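A short worksheet on the structure shown next.
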Amino acid sequence: MKALVFDISLTVKEIPCPQPRNHEVLIKILFSAICNTDLEIIKGYMGFKGVPGHEFVGEVMTRSSYLFGKKVVGEINCSCGECYLCQTGRKTHCPNRTVLGIQDHQGVFAEYIVLPEENLKIIPDNIPLTSAVFTEPLAAAIEIFEQIQIKPSQNVYIFGAGKLGLLISQLFRLNGCLYTTFDTNEVKVKKALETGINASLLSSLGESDKAEVCVDCTGNLSGINLALSHLYPRGKLILKTTVAKSEKIDLNQIVINEFEIIGSRCGLFEPALSLLSQGLVNPQPLITAIFSFNEILKAFETAEKPGSLKVLIQH
Ligand SMILES: [Zn+2]
Ligand SMILES: [Zn+2]
């Protein structure tokens, strides 16, 4: 089968089709999407080599599966189910896990993948496939609301009006609290405003302006210090950025101001599909372009451009 392989660079190659083992099924990829994590992987994040990609919509090809012929999305962490963390409800932290297109598991920029059957969720009929491909990042956005309680009286700053930042912004809008989404890129701020997000240029934020909750989804190193400088004492900082490099932070300010810092990664797929199905989150305005698989290298080039949001690939 044809696949995009990352070694030192990205190349499209002919590689063997993956074979399902144990509880895995074979899935034919229909749509995939480029995530910031993929762009970091090709800069060395996680030291991953192989086929990247973890956001997808596919069709189950294994005849013996009850999901045969169904269109599905899939949870990206493949956990052992037996260790202490799996048994205590923390499967996404299983030390024995593989992660689709990120860690020891061939990803979705290929014709086929394998995933455990239990990772898959059927896509409700009323969700267009080009929206369903947002299920994984939307689940990651929803994870914030599994981790903290936000009161309607609290104000929230979201740093970064990128792909994930705008999904997170839509959720805060639903929540009803006072939120503002900041970005340095004028095109992104304009796009965000067009989709009804309360967005503003970062330069409009005063040095002394503060929020009870700050969310860093800037996707760059300085985001964490920027967010900390706009947090009230005892405020909460949610970190969504994962980058290949790491940043120094002054821990004293965290002690003195009693900041709470919360790392936030993968979330549940059911609430994401439910929000998409009810039309309460609309990811369509976040699609910058759709390329065919033959143009996948061009798709990556487009995804790397500063004003770009989500780039999809039709397989
Ligand atoms: Zn992703
Ligand atoms: Zn485990």
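The values are calculated or read from the model by the stated rules, or taken from the named source; none is laboratory data. No experiment lies behind these values; they were computed from the predicted model shown. Positions of Cβ are backbone-derived with ideal geometry, glycine not excepted, and every protein chain shown enters the neighbour counts. Quick note on the areas: whole protein, heavy atoms, side chains included, nothing else; ligands and nucleic acids left out. Shrake-Rupley method; radii C 1.70, N 1.55, O 1.52, S 1.80 Å.
Observations, loosely collected:
- For residue 55, the criteria (1) under 20 Å from the mean Cα position of the chain (by Cα); (2) open to solvent by 20 Å² or more (accessible area, probe 1.4 Å) hold in every case but one, which is (2).
- Among the conditions (1) in the same structural domain as residue 89 (by TED's automatic domain parsing); (2) crowded, with 18+ Cβ neighbours inside 10 Å; (3) in contact (Cβ under 8 Å) with a residue 24 or more places away in the chain, the only one that residue 307 does not satisfy is (2).
- Which numbered condition residue 46 misses (of (1) open to solvent by 10 Å² or more (accessible area, probe 1.4 Å); (2) modelled with pLDDT of 95 or more): (2)
- The lone criterion from (1) outside any loop (DSSP other than H, G, I, E, B); (2) among the β-branched types (Val, Ile, Thr); (3) more than 16 Å from ligand 2 (Cβ to nearest atom) left unmet by residue 8 is number (1).
- Residue pairs meeting the criteria (Cβ under 8 Å; at least 6 apart or on separate chains; first within 14 Å of residue 307 (Cβ to Cβ), in segment 177-206; second surrounded by fewer than 14 Cβ atoms within 10 Å (Cβ to Cβ) and polar (S, T, N, Q)): 184/203
- Residue list for segment 64-90, filter: in contact (Cβ under 8 Å) with a residue 40 or more places away in the chain and either at positive phi or open to solvent by less than 30 Å² (accessible area, probe 1.4 Å) (or both): 65, 67, 72, 73, 74, 76, 77, 78
- When residues in segment 22-36 are screened for being farther than 15 Å from residue 309 by Cβ and either near ligand 1 (Cβ under 10 Å from one of its atoms) or under 19 Å from the mean Cα position of the chain (by Cα) (or both), 4 of them pass.
- Candidates 197, 158, filtered to the one that is modelled with pLDDT of 95 or more, in contact with a Leu (Cβ under 8 Å, 6 or more places away or on another chain) and more than 30 Å from residue 69 (Cα to Cα): 197
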